[in-house]
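The values are calculated or read from the model by the stated rules, or taken from the named source; none is laboratory data. Everything quoted here is computed from the prediction, not taken from an experiment. Ideal geometry is used to build each Cβ from the backbone, glycine not excepted, and the neighbour counts take in all protein chains shown. Note: areas computed on protein heavy atoms with side chains; ligands, DNA, RNA excluded. Shrake-Rupley method; radii C 1.70, N 1.55, O 1.52, S 1.80 Å.
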Amino acid sequence: MDMHLSSNNGPAVESDAVESNEAELRSAVPVRERLVVVGNGMAGMKTVEELLAKAPGRFDITVFGAEPHPNYNRIMLSPVLAGEKTFDQIVLNSREWYDANGIALLTGEPVESIDRAGKMVVSQSGRVVPYDRLLIATGSMPFIIPVPGSTLPGVIGFRDLADVDAMLAAAAKGGRAVVIGGGLLGLEAANGLRVKGMEVTVVHLMPTLMERQLDPSAGMLLQRELERRGIEVLTGADTAEIVGNNREGGEWVSAVRLRDGRELPADIVVMAVGIRPNMALGKAAGLECGRGIRVDDQMRTSDPSIYAVGECVEHRGVTWGLVAPLFEMAKVLAHDLAGGEGAAYTGSVTSTKLKVTGVDVFSAGDFSGGAGTEDIVFRDAARGVYKRLVLKDGKLLGAVLYGDTKDGAWYFSLLKDGADVSAERDTMIFGQGFGGADAGDPNAAIAALPDNAEICGCNGVCKGTIVKAITEKGLTSLDEVKAHTKASASCGGCSGTVERLLAVTLGDGFTAAPKVKPMCKCTNHTHDQVRAAIVDRGLKTMAEVFQAMEWTTPDGCASCRPALNYYLLCAWPGEYRDDYQSRYINERAHANIQKDGTYSVVPRMWGGLTSAAELRAIADVVDKFAIPTVKVTGGQRIDLFGVKKEDLPAVWADLNAAGMVSGHAYAKGLRTVKTCVGSEWCRFGTQDSTGLGVKLERMTWGTWTPHKVKLAVSGCPRNCAEATIKDLGVVCIDSGYELHVGGNGGLHVRACDLLVRVGTEEEVLEYTGAFMQLYREEARYLERTAPWVERVGLGHIKAALVEDPERRRDLNARFLFSQTFSQDDPWAERAAKGVDRHEFNLLAEVG
């Protein structure tokens with residue numbers, strides 16, 4: 001064949017025969033249609049994903065992306081700005097995915113024109129690519145309000161990764177940021193910049209924030225929450241001008257001037273006032289456009305070979321900016337491209353479930369109220385929860401949820417189906433199944449949801465899709481569901497719901513297998529994750545933790561509440577108010593309950609020292625209140641057993657009168673500092689162990705710690721105070737002091753590890769304060785120092801305290817600061833001031 005083709009002298013019949021054979025060969029290979037997609041965003045790629053699932057191999061696909069990245073989840077830009085996620089974590093389709101599916105991906109290559117007659121597109125670089133079908137999915141552009149100065153350097157939109165990089169670069173320099181726009185994007189930008197250390201002001205034209213998603217009451221709750229987090233919010237504020245000045249060799253934004261004359265200093269201005277469909281490409285090609293590129297119910301434009309989906313389109317006079325409608329469009333278009341019939345996009349009934357700066361909000365339908373409607377409202381200020389349902393003619397017309405959104409999918413289903421809710425009207429505000437046998441059972445609530453209930457808002461995945469994947473593909477874990485459906489693969493907010501779906505679908509066949517043990521049954525988060533979030537996200541109440549960390553119970557449980565109470569006390573000394581109800585009985589009563597219901601009382605004796613006056617006071621109390629047993633403890637204290645609960649305040653009052661305070665023998669805190677007599681009396685003593693023990697106890701008493709803490713000071717290596725089995729023990733030596741940590745007596749004895757040798761008492765005190773604070777900040781609630789030291793390793797503790805003097809000083813300073821709020825005698829507060837008096841009152845006899 002090659003000979004005949006290369007010769008001009010061969011018989012024509014042979015050439016004709018060859019051409020005929022080649023034509024036959026070509027006809028035997030199916031010719032794939034060429035599909036060119038302009039836009040590598042969520043709507044366009046959702047269409048491609050659906051098409052690959054319905055008709056793999058039908059099209060030869062080329063994708064143009066204006067950004068130099070693969071497809072990523074634009075909704076997740078806010079966590080990237082706040083430092084909660086990396087870019088790699090929000091990528092939806094990696095470059096390898098495109099390669100595996102035979103898709104030609106051209107990134108950083110915006111399309112500049114469409115040749116409709118020649119059926120080809122031309123990119124900015126001059127690349128020409130022909131098409132049989134063309135899909136325009138160019139999304140939207142941020143709306144920049146046309147005020148003087150809007151084009152100044154330092155004025156940024158919030159739409160893509162480049163905008164995030166620009167904000168991060170500005171935040172790295174510090175200063176002030178002004179965010180214009182109090183919608184979702186604006187508030188997320190404000191929160192991210194605040195987290196990065198900038199002073200932030202939000203300027204919003206309307207009277208309340210997020211007025212399209214929230215009613216005025218919920219908007220005001222959100223504003224108060226933002227202000228509590230240090231973000232200034234100005235509502236009803238109209239921007240008149242953006243002011244610039246010369247800086248670093250060029251002009252740069254310097255302030256925002258409002259129409260009422262106020263001027264707000266600014267080192268960066270973020271415009272987040274809305275979006276506009278990016279229809280420029282379609283308009284230039286002569287496609288019919290209005291507010292966007294106009295499409296019919298099959299997503300066809302005025303050119304039957306060209307389709308459009310997403311934020312760039314106008315359908316039946318409406319443009320959309322939410323994920324759910326965009327994905328519904330994508331499914332309809334994929335069905336049509338795959339050769340299907342009957343699918344039509346007729347518009348969307350939408351709901352909005354968002355997490356705004358850590359607060360869950362949900363809205364759906366029409367909540368404006370008006371004639372013929374009735375409102376059902378629930379408010380719980382302590383938990384930061386607000387719910388409002390709007391009903392008309394026995395049907396749910398709209399819903400707004402703030403702080404507790406777990407019933408959002410149920411309300412949305414009722415609204416979308418137009419269900420008659422008359423029978424549930426009186427209880428529906430309390431959630432699905434209230435009052436029934438399954439009330440409060442989250443699995444029962446999930447089971448009752450219809451298949452079209454949206455579970456994952458980020459990726460538009462409904463319950464039916466997840467259940468089908470579980471049953472047909474044999475999925476058994478959250479990671480498998482993520483991989484096959486993308487549910488919970490973005491923000492992770494629906495992870496708990498997806499796991500409950502697994503449990504409901506698989507029944508006994510499902511066993512959740514978390515990589516690490518969660519804090520309790522109310523959450524999937526670990527102790528360490530919760531502690532980090534409290535500090536990093538500025539969570540200062542239990543209600544804030546429950547909201548931000550998506551607790552599955554409204555008020556926590558007996559396991560997590562004491563832990564959270566401690567974590568908040570430790571993180572925010574002087575700001576957080578101790579929650580009395582979240583303490584165990586011994587800590588509420590400030591005495592140890594015994595098996596007969598009476599209590600034991602242990603007054604503090606500094607370093608084990610006492611006096612005749614103190615002993616007389618103790619004897620008088622024993623006689624006065626007929627206390628049956630007096631015992632010397634192993635920690636060199638005197639324990640009074642058999643005190644009636646109602647007598648406790650009076651016992652404390654008499655001991656206080658003798659100058660004695662609580663020994664905290666009941667507390668998750670410092671119990672005792674045990675000492676020997678040391679150099680003052682002992683012929684072997686090397687240092688004043690008793691005096692040092694008194695100093696240590698006076699410095700550390702009253703502190704709250706993850707578990708009880710015991711200290712000791714031995715005057716010589718003979719170690720009479722048993723310092724080497726204490727949480728922190730000091731052994732005096734000729735040259736100074738040895739500090740030992742992580743010891744434990746009791747059932748599982750653990751000898752201490754030697755931390756360091758020092759030469760002065762001042763060093764002992766500094767190391768002790770630093771060690772106590774490191775333990776307070778890093779250990780998990782109810783974890784003693786012995787298992788904590790074993791878990792983190794002695795090297796970790798030495799790195800913080802011995803090898804890093806500056807950190808040691810900082811830790812000690814934080815400990816001493818916290819102590820200024822802790823060293824109030826709880827006995828005196830209750831005996832003299834009547835604090836928590838109800839705890840000690842006898843129950844009244846009735847009848």
## Note on the structure
Screening Arg776, Arg830, Arg837, Arg791 for residues that are surrounded by 14 or more Cβ atoms within 10 Å (Cβ to Cβ) and more than 18 Å from Leu711 (Cα to Cα) leaves only Arg830
### Message
Of everything in region 167-177, what is touching a residue at least 12 places away in the same chain (Cβ under 8 Å) and surrounded by fewer than 20 Cβ atoms within 10 Å (Cβ to Cβ)? Give them in sequence order.
### Response
Leu168, Ala172, Lys173, Gly174, Gly175, Arg176
### Message
List pairs: first residue in region 759-770 and over 11 Å from Leu696 (Cβ atoms), second residue polar (S, T, N, Q) anywhere in the structure, Cβ distance under 6 angstrom, at least six positions apart or on different chains.
### Response
Glu766/Asn812; Ala770/Asn812
### Count of region 639-670 residues which are touching a strand residue (DSSP E or B) at 6+ places or on another chain (Cβ under 7 Å), of a type in the set (Lys, Arg) and either crowded, with 24+ Cβ neighbours inside 10 Å or in a loop (DSSP other than H, G, I, E, B) (or both)
1
### Task
For region 199-214, name all the residues that are crowded, with 23+ Cβ neighbours inside 10 Å and assigned to a loop (DSSP other than H, G, I, E, B).
Leu209, Met210, Leu214
### Query
Quick one: is Cys732 of a type outside the set (Gly, Ala, Ser), over 37 Å from the mean Cα position of the chain (by Cα) and open to solvent by 10 Å² or more (accessible area, probe 1.4 Å)?
no
#### Entry: Residue match in region 686-695 (condition: within 48 Å of the chain's Cα centre (by Cα) and open to solvent by 40 Å² or more (accessible area, probe 1.4 Å))
yes
### Query
What about Thr352, is it at pLDDT below 90 and over 24 Å from Tyr131 (Cβ atoms)?
yes
### Task
For residues that are open to solvent by 10 Å² or more (accessible area, probe 1.4 Å) and β-branched (Val, Ile, Thr), scanning just region 601-617, find the one that is farthest from Val713 (Cα to Cα).
Val602
### Summary
Residues of region 679-703 being outside any loop (DSSP other than H, G, I, E, B) and at pLDDT 95 or above, in sequence order, are Ser689, Thr690, Gly691, Leu692, Gly693, Val694, Lys695, Leu696, Glu697, Arg698, Met699, Thr700
## Note on the structure
With the first residue restricted to region 61-89 and required to be at positive phi and touching a residue at least 60 places away in the same chain (Cβ under 8 Å), and the second required to be outside any loop (DSSP other than H, G, I, E, B) and open to solvent by less than 10 Å² (accessible area, probe 1.4 Å), Cβ contacts under 9 Å at 6 or more apart or on different chains are Gly83/Gly192
### Query
Any chance region 368-383 includes a residue that's crowded, with 18+ Cβ neighbours inside 10 Å and assigned to a strand (DSSP E or B)?
no
### Task
Can you work out which of the residues in region 344-356 that are open to solvent by 30 Å² or more (accessible area, probe 1.4 Å) and in contact with a helix residue (DSSP H, G or I) (Cβ under 7 Å, 6 or more places away or on another chain) is nearest to Lys416 (Cα to Cα)?
Val349
### Cross-chain or 6+ apart pairs with Cβ under 9 Å, region 530-559 first and over 19 Å from Gly192 (Cβ atoms), then surrounded by fewer than 16 Cβ atoms within 10 Å (Cβ to Cβ) and of a type in the set (Lys, Arg)
Lys540/Arg228; Thr541/Arg577; Thr552/Lys521; Thr553/Lys521; Cys557/Lys521; Ser559/Lys521
### Task
Working carefully through the options Gly236, Gly261, Gly250, find the one that is without any contact (Cβ under 8 Å) to a residue 24 or more places away in the chain and farther than 24 Å from Val48 by Cβ.
Gly261
### Query
Is it the case that Ala626 is part of a helix (DSSP H, G or I), modelled with pLDDT of 95 or more and in contact with a strand residue (DSSP E or B) (Cβ under 9 Å, 6 or more places away or on another chain)?
no
### Query
Any residue at all in region 266-278 that is touching a strand residue (DSSP E or B) at 6+ places or on another chain (Cβ under 9 Å) and without any contact (Cβ under 8 Å) to a residue 60 or more places away in the chain?
no
## Note on the structure
Within region 564-600, the residues that are open to solvent by less than 40 Å² (accessible area, probe 1.4 Å) and part of a strand (DSSP E or B) are Asn592, Tyr599, Ser600
### Close pairs from region 560-577: first farther than 16 Å from His525 by Cβ, partner β-branched (Val, Ile, Thr), Cβ under 8 Å, at least 6 apart
Pro573/Thr820; Gly574/Thr820; Tyr576/Thr541
### Task
Output yes when any residue across region 427-445 is at pLDDT below 80, under 16 Å from Gly496 (Cβ atoms) and in a loop (DSSP other than H, G, I, E, B), and no when none is.
yes
### Summary
From the option list Ala330, Ala237, single residue qualifying as open to solvent by less than 10 Å² (accessible area, probe 1.4 Å) and in a loop (DSSP other than H, G, I, E, B) is Ala237
### Query
In this structure, is Asp238 in contact with a Gly (Cβ under 8 Å, 6 or more places away or on another chain), modelled with pLDDT of 90 or more and within 16 Å of Val178 (Cα to Cα)?
no
#### Entry: Lone unmet requirement of (1) assigned to a loop (DSSP other than H, G, I, E, B); (2) free of Cβ contacts under 8 Å to residues at least 40 places away in the same chain for Asp336
(1)
### Query
Within the bounds of region 262-272, is there any residue that is modelled with pLDDT under 95, surrounded by 22 or more Cβ atoms within 10 Å (Cβ to Cβ) and closer than 24 Å to Ser348 by Cβ?
yes
### Task
Taking Gly126 as the residue in question, decide whether it is open to solvent by less than 40 Å² (accessible area, probe 1.4 Å), farther than 25 Å from Met329 by Cβ and part of a loop (DSSP other than H, G, I, E, B).
no
### Selected residue (criterion: surrounded by the fewest Cβ atoms within 10 Å (Cβ to Cβ)) from residues of region 384-413 that are of a type in the set (A, V, I, L, M) and modelled with pLDDT under 90
Val385
### Message
Checking Arg561 against (1) modelled with pLDDT of 90 or more; (2) within 17 Å of the chain's Cα centre (by Cα); (3) assigned to a helix (DSSP H, G or I), only one condition comes out false. Which one?
### Response
(2)
### Message
If the requirement is being without any contact (Cβ under 8 Å) to a residue 24 or more places away in the chain, surrounded by fewer than 18 Cβ atoms within 10 Å (Cβ to Cβ) and assigned to a strand (DSSP E or B), which of these qualifies: Leu747, Leu754?
### Response
Leu754
### Query
Can you name every residue in region 803-842 that is within 30 Å of Tyr767 (Cβ to Cβ), charged (D, E, K, R) and either in contact with a Pro (Cβ under 9 Å, 6 or more places away or on another chain) or assigned to a helix (DSSP H, G or I) (or both)?
Glu806, Arg807, Arg808, Arg809, Asp810, Arg814
